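The values are calculated or read from the model by the stated rules, or taken from the named source; none is laboratory data. Note that the structure is a prediction, hence the values are computed from the model and not measured. Please note: Cβ atoms are built from the backbone with ideal geometry, for glycine as well, and neighbour counts cover all protein chains shown. For the accessible areas, the whole protein counts, side chains as well, though only heavy atoms, and no ligand, DNA or RNA atoms are used. Shrake-Rupley method; radii C 1.70, N 1.55, O 1.52, S 1.80 Å.
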Amino acid sequence: MTMGLLWVLWSLVAASMAIHMEAGGSHSMFTCEPITLRMCQDLPYNSTFMPNLLNHYDQQTAALAMEPFHPMVNLECSADLRTFLCALYTPVCTEYGRMTLPCQRLCQRARAECHQLMEIFGISWPEEMECERFPDCEESYPRTADLFPSSSVTSEPPAPVQRDYGFWCPRELKVDPGLGYSFLGAQDCSAPCPSMHFHRDELLFARYFVGVVSIVCLSATLFTFLTFLIDMARFRYPERPIVFYAVCYMMVALIYFLGFLLEDRVACNPASPGRFRAATVTQGSHNKACTLLFMGLYFFTMAGGAWWVVLTLTWFLAAVPKWGSEAIEKKALIFHAAAWGLPGILTVTLLALNKVEGDGLSGVCFVGMYDGVALRWFLLAPLGVDVVLGVVLLLAGIAALNRVRMEIPLEKENQDKLVKFMIRIGVFSALYLVPLLTVIGCYMYEHSYRPLWETSWVQEKCRHYHIPCPYQVKQTSHPDLALFLIKYLMTLVVGIPSVFWVGSKKTCFEWASFFHGHRRKDMVKDSQQGLQEPDLSQLLLREPGPPVVRKSRGTSTQGTSTHASSTHLAMLDEPASGSTSRAGSVRSKASSHPGSQRRARDGRVTATSFRSPEERLPYGSMPRLIDQSRHCSTTRLESQSRHGSTQRLESQSRHGSTRDLSITTQAIQSTPGNGIHRVVEEDGATA
């Protein structure tokens, strides 16, 4: 009896706002059904409709709610109690769907005559059955008009239904209260699992499809990450975010693969036949395994999009303001705080709002599977912002790179590297943006048509679940399995472009060295010069210098880099091992200004302050120094190079630099004045 009382109190409280206190009304578009309640079978009518006036969706629920009143009915404390209770729990179903409330006088007589007996059994009169809520009349129930409609009424066509009950949660889909479950607006209710739209064979195909694609994506992203671990110095900014981007989608693929292995054990609540409950979709954070899968999947999905934006930002900083790798790397802490922090905030917010939902197709837990608001604000909005920011920064960076290629003269090798780099950026971005835009399109299509799919499902299942059918359904539709398969495919394919970026000959040599131990490391080091990947920051930071005329074996060529020419010139002044060359004396004489020399530990004299002669010489002495350097330096260099070149070539031929020495010697002879300053400057820097 206590259990029955709890049932009736719960039912009445939940239905307190649903009773219409007017004598005339109409119920939803479902047919009358025979009365199956034993207490109400010997009445002047034998058909009723559900939900009843107390919002019980079927007669079984109404029978449980009537159990506390069985003792009073059996003891016949009032002749009107049974009629009054049946009028509420199994109201008469008229031909046109009209419902009739019992009169107020009938309620008052039943309550007055059974009040004392109810106190003995410890049962109070429910608030929803207060007599003041019913119309003031003295007619019996059911009325004659309800049982025998007039001829004028029968000649009229059936009246259209004017009341929509909305969605009523079937008993099979009910869950324990207090868990925060919600389905189609009904509280403490959840969708059927594994799917409410697809058959078992379709679900099996989708499950294996997602599993295979997740393995492919996991393999690709894991290869990228392991390549990074083999040679971490290879991936510097602005390319470093690709590694973190690959790590994010590696975790996404891993979670989908775990969902494939777990099947329905996490995404679905098990069925409970003893409580007449079917398997339902998991919601909220009470299921720890589902919560962990959701946290990992949502966090790394959002973090992958954030690292894509960081990647385009670093490309932008390298292309437009021409930041170097070191300058960009100094901002790495900010990049990590934004790329990991913002997804973390969104994940915690969803957990606080209890928006976790199981996905019966893939076996994981995510957001927005049945909640349109969460899908719109926590999935579509962040992904849309990532796309917009990334595309804007990407286009600005590509435009800057193209401007550099067109306006700044670079060597042909660097031109080719820059063009290849731009092509790689374009292909990589297309391989990322096309799948991501497809995923966003699938979510938007699903968000637009989901209400229609749900209404169609209720229309098909309302009689099976004994719930009200939808009101005036004009169109029905069912989702296509291909839509969901494309969504899962594009979600996982987004991580595969990382392989495109690391795929090169250098990667093959690094893996060969890794598998063969240290035997092939020397070969890898020797081949790095030929397999060197283009460094965007170095290509953009190299300023075009004035052409330097070089002579090599009677042939004149032009260089484009002052840095390169001065490096070759500085090699000329490096002394041979164990001796000091005559070029050292030339250098000491050329830098004989007071205070411009210092003696190193090995006895060599080096110029320490000759980089800015304008700052050290008094006014008017600069032209004289230039004159002396023009007339004297070339003569001295020619004589000393003629007498000492053999000794220097012999000493430095051991290092394989004979050709470079001959080239740089002729370059010094062909550039009076400025050439000597470059030699002194570079020698002072190297010393």
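The helices (runs of 4 or more DSSP H) falling completely within region 48-122 that include 2 or more residues that are open to solvent by less than 10 Å² (accessible area, probe 1.4 Å) and of a type outside the set (Val, Ile, Thr) map to 59-66, 81-89, 104-120.
Within region 313-366, how many residues turn out to be of a type in the set (Val, Ile, Thr), part of a helix (DSSP H, G or I) and in contact (Cβ under 8 Å) with a residue 12 or more places away in the chain?
Pass one, region 313-366, residues of a type in the set (Val, Ile, Thr): 314, 320, 328, 334, 345, 347-349, 356, 364.
Filter once more, so that each one left must be part of a helix (DSSP H, G or I): 314, 328, 334, 345, 347-349.
After this cut, where a residue has to be in contact (Cβ under 8 Å) with a residue 12 or more places away in the chain as well, the list is 314, 328, 347, 349.
The total comes to 4.
Name the residue, out of 256, 237, that is hydroxyl-bearing (Ser, Thr, Tyr) and in a loop (DSSP other than H, G, I, E, B). Break it down into steps so the answer makes sense when it comes.
On the way: 256 fails: in a loop (DSSP other than H, G, I, E, B).
Of 256, 237, the one residue that is hydroxyl-bearing (Ser, Thr, Tyr) and in a loop (DSSP other than H, G, I, E, B) is 237.
Taking the conditions (1) in a helix (DSSP H, G or I); (2) open to solvent by 10 Å² or more (accessible area, probe 1.4 Å) in turn, residue 290 satisfies each one other than (2).
Within region 127-154, residues that are over 19 Å from residue 53 (Cα atoms) reach partners that are modelled with pLDDT of 80 or more and surrounded by 11 or more Cβ atoms within 10 Å (Cβ to Cβ) with beta carbons closer than 7 Å, at six or more positions or on different chains, in the pairs 138/103; 138/105. Note on region 228-278: among residues that are more than 30 Å from residue 60 (Cβ to Cβ) and more than 26 Å from the chain's Cα centre (by Cα), the one that is modelled with the highest pLDDT is 230.
State the number of residues belonging to region 340-379 that are within 19 Å of residue 307 (Cβ to Cβ), hydrophobic (A, V, I, L, M, F, W, C) and either modelled with pLDDT under 95 or open to solvent by less than 30 Å² (accessible area, probe 1.4 Å) (or both). Talk me through it step by step, then tell me what you get.
Taking region 340-379 and keeping what is within 19 Å of residue 307 (Cβ to Cβ), we get 340-347, 378-379.
After this cut, where a residue has to be hydrophobic (A, V, I, L, M, F, W, C) as well, the list is 340, 342, 345-346, 378-379.
When the remaining residues are screened for being either modelled with pLDDT under 95 or open to solvent by less than 30 Å² (accessible area, probe 1.4 Å) (or both), the result is 379.
Going through region 340-379 one residue at a time, the tally reaches 1.
Conditions tested, residue by residue: (1) of a type outside the set (Phe, Trp, Tyr); (2) open to solvent by 70 Å² or more (accessible area, probe 1.4 Å); (3) more than 20 Å from residue 252 (Cβ to Cβ); (4) modelled with pLDDT of 90 or more.
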site: 429; (1), (2), (3), (4): yes, no, no, no
site: 437; (1), (2), (3), (4): yes, yes, no, yes
site: 491; (1), (2), (3), (4): yes, no, no, yes
site: 516; (1), (2), (3), (4): yes, yes, yes, no
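Can you name every residue in region 452-490 that is farther than 24 Å from residue 174 by Cβ and touching a residue at least 60 places away in the same chain (Cβ under 8 Å)? Once the filter is applied, which keeps residues that are farther than 24 Å from residue 174 by Cβ and touching a residue at least 60 places away in the same chain (Cβ under 8 Å), region 452-490 yields 472, 478, 479, 481, 484, 485, 488, 489.
Looking only at region 200-243, count how many residues are among the acidic types (Asp, Glu) and closer than 21 Å to residue 429 by Cα. Before you say what the answer is, go through the steps one by one.
To start, the set of residues in region 200-243 that are among the acidic types (Asp, Glu) comprises 201-202, 231, 239.
Okay, now just the ones that are also closer than 21 Å to residue 429 by Cα, so 239.
Number of matching residues: 1.
Taking region 173-197 as the range and being part of a loop (DSSP other than H, G, I, E, B), among the hydrophobic types (A, V, I, L, M, F, W, C), touching a Phe, Trp or Tyr at 6+ places or on another chain (Cβ under 7 Å) and buried (at least 21 other Cβ atoms within 10 Å of the Cβ) as the test, the residues that pass are 175, 191.
If you go through region 266-283, how many residues are in contact (Cβ under 8 Å) with a residue 60 or more places away in the chain and either surrounded by fewer than 22 Cβ atoms within 10 Å (Cβ to Cβ) or in contact with an Asp or Glu (Cβ under 8 Å, 6 or more places away or on another chain) (or both)?
The initial filter retains those residues of region 266-283 that are in contact (Cβ under 8 Å) with a residue 60 or more places away in the chain, namely 266-269, 276-283.
Right, trim to either surrounded by fewer than 22 Cβ atoms within 10 Å (Cβ to Cβ) or in contact with an Asp or Glu (Cβ under 8 Å, 6 or more places away or on another chain) (or both) and you get 267, 276-279, 281-283.
Looking only at that region, the number is 8.
Which of the numbered conditions does residue 298 fail, given that it passes all the others? Conditions: (1) assigned to a helix (DSSP H, G or I); (2) hydroxyl-bearing (Ser, Thr, Tyr); (3) modelled with pLDDT under 95. For residue 298, the failing item is (3). The C-beta contact set for region 367-378 (first residue in a helix (DSSP H, G or I), second residue open to solvent by less than 30 Å² (accessible area, probe 1.4 Å) and among the small types (Gly, Ala, Ser), distance under 6 angstrom, 6+ apart or interchain) comprises 374/368; 375/368. Here residue 268 does not fit the description of being farther than 30 Å from residue 422 by Cα and in contact with a Leu (Cβ under 8 Å, 6 or more places away or on another chain).
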